[in-house]
Structure formats: structure tokens, C-alpha cells
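Since the structure comes first, as C-alpha cells, the remarks are kept for the end.
Here, each number is a calculation from the coordinates, and none is a lab measurement. This one's a predicted model, so the numbers in the text were calculated from it and none came from an experiment. All Cβ positions, even for glycine, are placed from backbone atoms using ideal geometry, and neighbour counts span all protein chains on display.
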Amino acid sequence: MIASVYIELKEGVTDPEGEATKKALHLLGFKNVKKVSSIKVFRIEIDSVSRDEAEKEVIEMCEKLLANPVIHNYRIEWVD
């Protein structure tokens, strides 16, 4: 099974990478860009007996390592 884990900053948390990218795009002439947000994606291949078991394990990975619950939200999408 393969999970795509998307980690993004919570609303209200400063995104310096997104802001720098937006500024660079404006300097390149892309004046219509209103907002840029950075998102990390982890592609995790996991060997598990069931989807439920795999999901529990991936959630645990997010909560212990991949995401900081104070500043990040995460979501998991399964690749078929």
C-alpha cells in the first residue's frame, strides 16, 4: 500500500517559503498571484495486513515525526 501524506501549515502560521516564492513570482511579472503556500508531501510505501492497520500506522508516523501538531495539519491519501 502507498500513502501520500500532505503536511501543510495551519491557518495563521507564517509561511516564509510561500511568501518568498510569491515575491519572486511578482518580480518575474506574475502580478496576478495572490497567495503561495508551501506543502510537503511524503510518499510512504507500507506493508500491512489491512488498510485500517496501515492507516493507524501512518497516523502514528505523522503524530510522532512528520507533522508538528502545533503548526501543521496533515491529510493522508491512499494511492491505488
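Observations, loosely collected:
- Label selected from (1) 12.4; (2) 14.3; (3) 13.2, the criterion being Kirkwood radius over Cα pairs in Å as computed here: (2)
- As a rough footprinting exposure proxy, the listed residues K34, K56, K22 were ranked by other beta carbons within 10 Å of their own, and the order from fewest upward is K34, K56, K22.
- A DSSP coil position with no more than 12 other Cβ atoms inside 10 Å describes the following GluC sites (Glu not before Pro) in the chain: E11.
- Principal-axis tilt of helix 51-61 within the chain, Cα atoms, nearest 10 degrees: 50 degrees
- Helix 16-27 axis, angle to the chain major axis (alpha carbon atoms, nearest 10°): 40 degrees
- Exposure proxy ranking for T21, T14, based on other Cβ atoms within 10 angstrom of each Cβ and starting from the fewest, stands as T14, T21.
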